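K.L.:
Let me give you the structure first, and then I'll get to my questions.
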Amino acid sequence: MSFKKSLAALAVLGTAAGFAAAANVNLYGVVDEVLVYDYKDVTSIDGQKAVDGDSSFGLSSGYNAGSRWGLKGSEDLGNGLTVSFKLENGFAADAGTLSQGGRLFGREASLSLSGNFGTVSFGRMGGVGSSCGTYDLVYAYADAFDGFDNAIGGIAMSDRYDNMITYQTPSYAGVQATFQYSFKQDTVNEASTAREGSAASDRYAAAAVTGDFGPLALVAAYEYQNRASDGSDADHDDAHTLYIGGNYDCGFAKTFVMGQYFKGLNTHELAFFDYTHGAGDDAKGIDDVSKEGVKGFGLHLGTVFPVASGDVTVAVYYVNGELEKATIGAAPATDVDLSYIGLAARYTYPLSKRTSLYAGAGYSQTKYETSKVAANLSDVKDKVAQAYLGLTHTF
């Protein structure tokens, strides 16, 4: 009887596997655990240390690749049409908690229709300048780390957005165009009364062109943030970001270059501000709310090259800009010049086809020229350093 039950169980499993294969559904994922040392030092507007060499050491997740699991699949509809889906969950492997604001499929939740006309996708997905998911274009083409080295980065980056429609053309002689529009960027955190597509919601639009020409790959993109007419963004200017860059593979190394111009960005849309600011803002005297936002330009140069069966990635990031109409201590709102420089390096060694060991380090410094606001003020300086050792497994 036990033998018959075993045969029956095997038959059921075989049938289920057959259905899965017919539906072309795949389960995949990444688990990334890492030991991290962080260092932070902040000089405030009074010349004193707001953060005096604060350091921490502990376990974290996702330094080499964001921990995730997902389901993706497709179906051939005939006549050259294919429907596909991607449901991707993000989590912190060190704690087992959900990422992306607690969303079940916060990394991506999309349904796509493809044919001779190209591909149309609907749902939650990353913008072309987000370094996230299916439509990661700018940073995949023009950043050696494809989205910074964790605390080291600094230049402007967009995000994943809800309620998105993306259209991507077919590739013509290596050239492809992508267009995006989000009716409401953040359903979780924006007011539920803010109707999609209305002036009460933050909206996003983007266009990008990529070119693949053998060893040379190029990208140009524009992103537009249409701020809501009420709430925290009511008095904030709309944001504009332009990107241009690419990479060249010369055989022994792959070199990445990017330049960008941005205007009207919220401070948290610049990676270094989000990392170095927060609870310490009052102590440092900089208000991270600015009606006109942040404007300036960013530059990146990086390379990836093989060493001892692994890969070394090295990158430098530079930002020059200003916080427009920022509040500095008791002084009236004024423009504040800022500069950022960051340097990062990582070595990744494959232990197998699915498992990699990695180690990295980086340093950055941000300077806000607040001494120009009033004679009794000093420049604000943020210094950040990191070092880490981790393990990544894919399935």
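Derivation of every value follows stated rules applied to the coordinates shown; laboratory data play no part. Since this is a predicted model, take the numbers as computed values, not measurements. Every residue, glycine as well, gets a Cβ built from its backbone with ideal geometry; the counts of neighbours run over all protein chains shown.
K.L.:
What number comes out for the charge environment of Phe256, summing +1 per Lys or Arg and -1 per Asp or Glu over other residues with Cβ under 12 Å away?
P.N.:
Working: positive: Lys254; negative: Asp143, Asp146, Asp249.
Here the count lands on -2.
K.L.:
Using Cα pairs closer than 8 Å and at least 6 residues apart in sequence, work out the relative contact order for region 30-394, in percent. Display every interim value, and only then the final one.
P.N.:
Numbers: 1051 pairs, mean separation 57.8, N = 365.
Relative contact order, region 30-394: 16 percent.
K.L.:
If the cut-off is 13 Å between C-alpha atoms, which aspartates and glutamates fall inside it for Lys367, apart from same-chain ones fewer than 8 positions away?
P.N.:
By straight Cα distance, Lys367 reaches Asp41, Glu322, Asp337, Asp379, Asp382.
K.L.:
Suppose every Lys and Arg Cβ carries +1 and every Asp and Glu Cβ carries -1, with no other charges. What dipole size does region 30-394 come out with about its Cα centre, to the nearest 20 debye?
P.N.:
Details: 26 positive and 45 negative charges, 171 e Å.
The calculation lands at about 820 debye.
K.L.:
Also, quick follow-up: Extending each Cα 7 Å along its Cβ direction at Ser309 and Asn376, get the distance between those two points in nm, one decimal.
P.N.:
My value for the distance between the label points is 6.4 nm.
K.L.:
Suppose R0 equals 35 Å. What FRET efficiency, 1/(1 + (r/R0)^6) with r the Cβ-Cβ distance, do Ser171 and Leu299 give to the nearest 0.05? Walk me through the numbers on the way to the answer.
P.N.:
Values: r = 29 Å, r/R0 = 0.81.
So, using R0 = 35 Å, E works out to roughly 0.75.
K.L.:
Still on this structure, please answer the following. With a cut-off of 18 Å, note down the residues of region 358-395 whose backbone N falls inside the zone around a label point 7 Å from the Cα of Ser339 toward its beta carbon.
P.N.:
363-373, 378-384
K.L.:
Using 0.36 nm per residue of separation minus the Cα-Cα distance, give me the extension gain between Leu104 and Phe117 in nm, one decimal. Please list the in-between numbers first.
P.N.:
On the way: separation 13, 0.36 × 13 = 4.68 nm, distance 3.15 nm.
Full-extension gain reported as 1.5 nm.
K.L.:
May I ask for the longest run of the chain untouched by trypsin sites (Lys or Arg not before Pro) that are loop-located per DSSP and have at most 11 neighbouring C-beta atoms (other than their own) within 10 Å? Can you show the working numbers first?
P.N.:
Details: sites that count: Lys353, Arg354.
Answer - 1-352.
K.L.:
Figure the gain on full extension for His240 and Trp69 (residue separation times 0.36 nm, minus the Cα-Cα span) and round it to one decimal in nm. Please list the in-between numbers first.
P.N.:
On the way: separation 171, 0.36 × 171 = 61.56 nm, distance 3.28 nm.
Taking His240 through Trp69 to full extension adds about 58.3 nm, to one decimal.
K.L.:
In nm, to one decimal, how far is the Asp52 label point from the Leu389 one, both placed 7 Å along Cα→Cβ?
P.N.:
3.1 nm
K.L.:
Specify which residue in the list Asn226, Gly259, Gly246 is farthest towards the positive end of the charge dipole of the chain, using unit charges on the beta carbon of Lys, Arg (+1) and Asp, Glu (-1), about the Cα centre.
P.N.:
Gly246
K.L.:
Let me ask something else about it. What is the angle, in °, between the Cα long axis of helix 2-23 and the longest principal axis of the Cα atoms in the chain? Nearest 10 is fine, range 0 to 90.
P.N.:
So the inclination is approximately 60 degrees.
K.L.:
Chymotrypsin sites (Phe, Trp or Tyr not before Pro), restricted to region 80-159: which are DSSP loop and have at most 16 other Cβ atoms within 10 Å?
P.N.:
Details: sites: Phe85, Phe91, Phe105, Phe117, Phe122, Tyr135, Tyr139, Tyr141, Phe145, Phe148; in loops: Phe105, Phe117, Tyr135, Phe145, Phe148.
For chymotrypsin sites (Phe, Trp or Tyr not before Pro) across region 80-159 that sit outside H, G, I, E and B with at most 16 neighbouring Cβ atoms in 10 Å, the list reads Phe117.
K.L.:
Another question, if that's okay. Can you give the FRET efficiency for Asp249 and Tyr318, using 1/(1 + (r/R0)^6), R0 = 35 Å, r = Cβ-Cβ distance, to the nearest 0.05?
P.N.:
Values: r = 24 Å, r/R0 = 0.68.
So the FRET efficiency works out to roughly 0.90.
K.L.:
Also, quick follow-up: If you rank Ile165, Ile155 by fewest surrounding Cβ atoms within 10 Å, what's the result?
P.N.:
Details: Ile165 14, Ile155 27.
Sorted ascending by nearby Cβ count, the order is Ile165, Ile155.
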